[in-house]
Structures are given as structure tokens and as C-alpha cells.
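Enquirer: Structure below; questions to follow.
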Amino acid sequence: MMAGLLLARAGIETLVLEKHKDFLRDFRGDTVHPSTLEVIHELGLLDDFLKRPHQEVHQIRGRIGGTEVTVADFSHTPTHCHFVAFMPQWDFLNFLAEHARRYPTFQLKMEADVTGLLEENGRVTGIRANTPQGELTVQAGLVIGADGRQSAIRAAAHLEVQDLGSPIDVLWMRLTRKPADPPQSLGYFNFGRALVLLNRDEYWQCGLVIRKGEFDEIRAKGMPRFRQDVARIAPFLADRVDEIQDWSQIKLLTVRVDRLRQWWRPGLLCIGDSAHAMSPVGGVGINLAIQDAVAAANILTGPLKAGTLSIEHLRAVQRRRTFPTKVTQQIQVLIQEHVLKRVLGEDKPVVAPWPLRLFNTFPVLRRIPARLIGVGVRPEHVRTPRAT
Ligand SMILES: Cc1cc2nc3c(=O)[nH]c(=O)nc-3n(C[C@H](O)[C@H](O)[C@H](O)COP(=O)(O)OP(=O)(O)OC[C@H]3O[C@@H](n4cnc5c(N)ncnc54)[C@H](O)[C@@H]3O)c2cc1C
């Protein structure tokens with residue numbers, strides 16, 4: 001959506017295809033980081049964005065065993081906004097779509113499920129999609145695959161995937177939020193579990209991190225044990241875990257971390273999770289996808305307008321975004337392997353390790369994760385013109 005907005009804004013005919021009929025699905029993160037807010041500011045849309053319902057989270061805290069640790073403090077990020085905005089991703093996508101629609105060059109087609117690529121002499125020339133009205137084919141000067149971690153486009157293009165492995169999955173469920181609850185989203189680590197709570201006003205969106213493949217084991221132990229586990233990690237939820245009556249209320253989200261060796265083919269470029277599926281660790285995947293979109297628009301707008309697009313331009317996008325992708329994924333894999341795997345391994349009370357407790361003793365340290373999470377490596381800035 002961001003790539004579509006930027007290209008249409010620069011005067012390029014752009015069509016965004018989305019397979020669902022709305023963006024109302026809850027299996028997405030809610031985080032809009034300072035780097036993304038900076039892009040929104042550069043587009044002149046920040047005031048409007050901040051008028052929409054959202055929460056501003058200035059610090060990220062976690063409860064590790066009995067100790068609360070503040071691990072990131074965004075007050076010094078070199079950006080206009082010194083906070084992470086929590087906004088359900090459907091509201092964020094609707095916001096972007098609303099602004100993109102102001103450009104006559106932008107079109108959004110919902111319920112268009114891309115199933116394959118059109119090709120001529122080894123060059124991708126468009127896509128094929130299923131719609132309620134039947135099959136749709138679209139010819140395009142460039143196809144951008146931004147269809148997430150189960151990308152149909154990357155599969156159809158036979159792009160080689162490097163799997164970096166992930167030892168975790170996430171169970172996704174809702175529990176009522178009550179007025180006396182903690183106001184902000186928080187992570188809890190204890191008794192062999194990690195639980196992340198996203199504040200969505202009237203309910204908590206809960207993400208329970210489990211060992212990959214452990215869901216069958218959890219189900220076999222039964223629902224009462226599962227509820228007890230959740231209440232043990234976050235005791236304030238004990239009075240409502242009974243709301244989970246059935247396993248169908250719990251969705252298993254499979255986590256994968258991988259990236260393409262080559263993000264492009266002539267006529268095609270993959271960005272975001274389609275090029276590099278991100279772990280939920282650090283909640284940075286959305287923002288990395290947006291940074292890819294900004295870089296792609298910066299590099300491709302000129303050649304697309306001039307009709308001179310070549311594989312050199314597509315290669316340039318990959319070259320620009322590979323370093324931030326590799327660094328971020330490496331940190332995610334490190335945390336998955338050395339922190340989460342260890343926490344998830346042992347069903348006993350956790351004690352916050354001393355390096356983490358240093359964040360409470362020396363608050364200045366919180367600026368480092370804030371910078372990595374909030375801004376990331378090689379932040380992108382909007383360089384594309386706005387067509388008159
Ligand atoms: C459990 C979990 C929690 C996460 N939490 C966070 C978080 O809090 N913050 C964060 O920054 N990141 C989080 N991430 C990572 C984040 O979700 C991704 O990195 C990010 O969504 C990637 O954005 P994207 O636009 O590339 O893909 P997506 O957000 O997956 O968007 C892809 C879009 O393409 C559409 N689509 C898919 N297939 C087709 C098709 N064939 N035809 C047409 N349309 C199609 C989809 O419906 C979707 O709208 C989480 C990941 C997981 C697994």
C-alpha cells in the first residue's frame with residue numbers, strides 16, 4: 001500500500017491488488033514505529049494520522065519473572081515522533097488507502113487474489129488473479145510482490161528462498177480488557193512462556209509465544225491447563241481466561257524467518273515479507289516493509305516514468321535494502337535462539353538476567369534498543385516528487 005501510494009503520488013499509474021475484501025484481520029502487528037511516522041511526516045500526513053485513534057507508547061517494558069524492565073525509551077530517537085504509535089493495522093492500511101485514492105493514478109482492487117504471473121520471453125509482464133467476477137489479467141511495466149510471508153508471487157517467480165529457521169510459533173487470541181488493567185501493551189516472560197499483550201481498547205490481543213510444533217502438545221494437555229498457564233504468566237488475566245472456551249478461539253500463527261537470494265526478475269520486484277519474512281521479535285517487520293517501499297519508490301520512479309526500467313534498477317533496490325534486512329534478521333534470530341528458546345524451554349520461574357537489569361540501573365542504555373527498533377538500520381526518506 002505504501003509503495004502504491006508513493007508511486008501514484010509521483011504520477012505513475014498504479015494498481016494495488018488485495019486478496020481479501022477488507023483489511024479487517026487481526027493477525028497483524030499494530031506497531032507504527034518512529035521511522036514510519038517520519039515517512040508519514042515527509043508525506044505531509046502526520047497531523048491527519050495522529051488524529052486517528054491510536055496509542056503513543058514512549059517506552060517498551062517487559063515483566064521478566066517478578067521484575068519489570070524498561071528495555072527501550074524512544075525519547076531520543078532522531079525523528080519527529082518519539083514514540084511507537086499503536087494502531088490496528090486495518091486502520092493504518094485504510095488511512096494509507098484513503099490518501100492514495102486522492103491521486104487519479106491510484107487504484108485499489110479488493111478481492112483480487114493473485115494466482116500467477118504473466119510472462120513473455122523470460123520477462124514478467126503482469127499478473128493473473130481470481131476475483132468474484134472471474135479471472136482478471138493485468139499487464140504491467142513492473143509487478144511488485146508485496147504479498148507477505150506466504151507470497152504467491154515469490155512462489156510463482158520461482159525465486160530461491162534461504163530459510164533462516166525459527167524455533168517459535170505464536171498463539172493469537174483475545175481477552176477482555178478491563179479499566180483497572182495496565183494501560184499499555186507489555187510483554188511477560190515466565191514459566192517457560194512469553195506473552196505479549198496488545199491494547200486494542202476493549203480487548204487485549206494476546207500473543208503467546210510457544211516452541212515450534214508445540215500446539216498439539218498444548219491441546220493434548222487440555223483447555224483448563226492452557227488457561228492456567230496464561231493466568232500464571234499474567235496473573236491479572238486470571239479472572240477472564242475462562243472466556244477461552246474452545247480451541248477455535250485460538251489461532252496458530254506460524255513464524256518464519258527467511259529471505260530471497262534474489263529479490264527480482266526482469267519485470268518483477270519483491271519487497272517486505274515477500275522478499276524477507278520477518279519474525280515478530282522486536283515488532284519491526286511492518287516498518288522494514290515500509291522502508292523497502294520507500295527505497296523502491298525512490299529508485300524506481302525515475303526509470304518508470306522515463307520508460308527505462310532495467311534489471312539494474314531492481315538490483316539497486318535489493319542492494320540498498322539487503323544490509324538492513326540482514327542485520328535485523330540476524331538480531332531476531334539471535335534473540336529467538338539465545339533468549340526465547342531458553343525461556344520457552346523451562347517451566348519454572350524466570351529471573352531477569354543481569355544484562356537486562358542494567359537497563360533499569362542505567363536508563364541511558366534504553367536508547368540503544370529504541371534506536372534499533374524505532375529507527376532501524378539505514379532509515380529511508382521520501383525522495384519521490386509529488387506530481388502536480
Ligand atoms: C505473529 C506475528 C506477529 C507480528 N507482529 C508484528 C508487530 O507487532 N509489528 C511489526 O512491525 N511486525 C510484526 N510482525 C511481522 C509483520 O507482520 C510482517 O513483517 C509485515 O506484516 C510485513 O508486511 P508486508 O506488507 O510485507 O506483508 P503483509 O503485512 O503480510 O501484507 C501482505 C498483504 O498481501 C495480501 N495478499 C497475500 N497474498 C495475496 C495474493 N495472492 N493476492 C493478493 N493479495 C495478497 C495480504 O492479504 C496482505 O494484505 C509479526 C509477524 C508475526 C508472524
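The values are calculated or read from the model by the stated rules, or taken from the named source; none is laboratory data. Quantities reported herein were computed from a predicted structural model and do not represent experimental measurements. Here Cβ is always computed from backbone atoms with ideal geometry, including for glycine, and neighbour counts include all displayed protein chains. Please note that ligands, DNA and RNA were not included when accessible areas were found on the heavy atoms of the full protein model with its side chains. Shrake-Rupley method; radii C 1.70, N 1.55, O 1.52, S 1.80 Å.
Enquirer: For the chain, what are the per-bin percents of Cα-Cα distances with bins 20 Å wide, up to the bin holding the maximum?
Expert: Pairs per bin, as whole percents: 27, 57, 16, 0.
Enquirer: Considering only Cα-Cα distances, which of the following residue pairs are longer than 22 Å: Lys19/Lys251; Lys212/Lys348; Lys51/Lys109?
Expert: Numbers: Lys19/Lys251 20 Å; Lys212/Lys348 19 Å; Lys51/Lys109 26 Å.
With Cα atoms farther than 22 Å apart: Lys51/Lys109.
Enquirer: Please give the residues of segment 9-52, grouped as numeric ranges, whose backbone N is less than 11 Å from a label point set 7 Å along the Cα-to-Cβ vector of Arg102.
Expert: Of the residues in segment 9-52, 43-49 have backbone N under 11 Å from the label point off Arg102.
Enquirer: Convex hull over the alpha-carbon atoms of segment 1-123: what's its volume per residue in Å³?
Expert: 174
Enquirer: Relative contact order, percent, of segment 152-215 when contacts are C-alpha pairs under 8 Å separated by at least 6 residues?
Expert: 37
Enquirer: Measure off 7 Å from each Cα along the Cα-to-Cβ vector at Leu372 and Gln184, then give the distance between these two points in nanometres to one decimal.
Expert: Result for the modelled spin labels: 1.9 nm.
Enquirer: Right, another one. For the chain, what relative contact order do you get, as a whole percent, if you take Cα pairs closer than 8 Å and at least 6 residues apart?
Expert: Relative contact order for the chain comes out at 24 percent.
Enquirer: Bin width 10 Å, origin at 0, all Cα-Cα pairs of segment 249-296: what percent of pairs per bin?
Expert: So the P(r) values, bin by bin, are 25, 47, 22, 6, 0.
Enquirer: Shifting gears a bit: Just to confirm a number: summing +1 for Lys and Arg and -1 for Asp and Glu over residues other than Leu118 whose beta-carbon lies under 15 angstrom from that of Leu118, what do you get?
Expert: So the environment of Leu118 carries a net charge of 0.
Enquirer: Whole-Å semi-axes of segment 133-278's equivalent ellipsoid, largest first, each the root of 5 times a Cα gyration tensor eigenvalue?
Expert: Numbers: eigenvalues 281, 60, 43 Å².
Semi-axes, largest first: 37, 17, 15 Å.
Enquirer: Hey, another quick one. Please sort 219-226, 31-38 by packing, taking for each peptide the average over its residues of neighbouring beta carbons within 10 angstrom, highest first.
Expert: So the peptides 219-226, 31-38, ranked by packing, come out 31-38, 219-226.
Enquirer: While we're on this one: Once the piece of chain linking Arg128 and Gln330 is laid out straight, how much longer is it, given 0.36 nm per residue of separation minus the C-alpha distance between them?
Expert: That pair, Arg128 and Gln330, stretches by 69.2 nm at full extension.
Enquirer: Provide Rg over Rh for segment 240-345; use the alpha carbon set for both Rg and the Kirkwood Rh (inverse mean inverse pair distance).
Expert: Working: Rg = 18.2 Å, Rh = 16.0 Å.
Rg divided by Rh gives 1.14.
Enquirer: Give the dimensionless ratio obtained when the Cα radius of gyration of segment 158-214 is divided by 2.2 N^0.38 Å.
Expert: 1.47
Enquirer: Also: For the pair Lys21 and Glu68, how long in nm is the line joining their label points, each one 7 Å along Cα→Cβ?
Expert: 4.4
Enquirer: Classify segment 214-266: rounded, prolate or oblate, from the alpha-carbon gyration tensor (a ≥ b ≥ c, eigenvalue square roots; a/c under 1.5 rounded; otherwise prolate if a/b is larger than b/c)?
Expert: Note, shape of segment 214-266 comes out prolate.
Enquirer: Straight-line reach from Lys305: which aspartates and glutamates have a Cα under 20 Å away, not including same-chain ones fewer than 8 places off?
Expert: Reachable aspartates and glutamates: Glu13, Asp292.
Enquirer: I want the local charge near Leu197. Using Cβ-Cβ distances under 10 Å, sum +1 for each Lys or Arg and -1 for each Asp or Glu among the other residues.
Expert: Net charge in that neighbourhood comes out at +1.
Enquirer: Which stretch or stretches of segment 166-207 have amide N atoms under 19 Å from the point lying 7 Å from Lys348's Cα along the Cα→Cβ direction?
Expert: Once the point is set 7 Å along Cα→Cβ of Lys348, 189-194 turn out to lie under 19 Å by backbone N, inside segment 166-207.
Enquirer: So, for segment 16-168, what is the accessible surface per residue at a probe of 1.4 Å, expressed in square angstrom? Write down the numbers at each step before the final one.
Expert: Values: 7120 Å² over 153 residues.
Per-residue value: 47 Å².
Enquirer: Taking only Cα atoms, what is the 0 to 90° angle, nearest 10, from helix 285-306's long axis to the longest principal axis of the chain?
Expert: 10
Enquirer: What FRET efficiency, computed as 1/(1 + (r/R0)^6) with R0 = 30 Å and r the Cβ-Cβ distance, is obtained for Thr137 and Arg386, rounded to the nearest 0.05?
Expert: Numbers: r = 31 Å, r/R0 = 1.03.
E between Thr137 and Arg386, to the nearest 0.05, is 0.45.
Enquirer: Here is a further query. Compare the peptides 133-146, 337-350 by average per-residue count of other Cβ atoms within 10 angstrom and give them in order, highest first.
Expert: The peptides rank, most packed first, as 133-146, 337-350.
Enquirer: Report, to the nearest 10°, how far helix 223-233 tilts away from the longest principal axis of the Cα atoms in the chain, using its own Cα long axis and a range of 0 to 90°.
Expert: 90
Enquirer: Rank these residues by their accessible area, most exposed first, probe 1.4 Å: Asp242, Asp163, Asp229. It would help to have the intermediate numbers written out before the result.
Expert: Values: Asp242 95, Asp163 115, Asp229 20 Å².
Greatest to least solvent exposure: Asp163, Asp242, Asp229.
Enquirer: Still on this structure, I have one more. Using alpha carbon centroids, what distance separates segment 154-176 and segment 182-205, in Å?
Expert: 21
Enquirer: Also, quick follow-up: Estimate the FRET efficiency between Glu243 and Lys51 by the formula 1/(1 + (r/R0)^6), using the beta-carbon distance for r and 35 Å for R0, to the nearest 0.05.
Expert: FRET efficiency, Glu243 to Lys51: 0.60.
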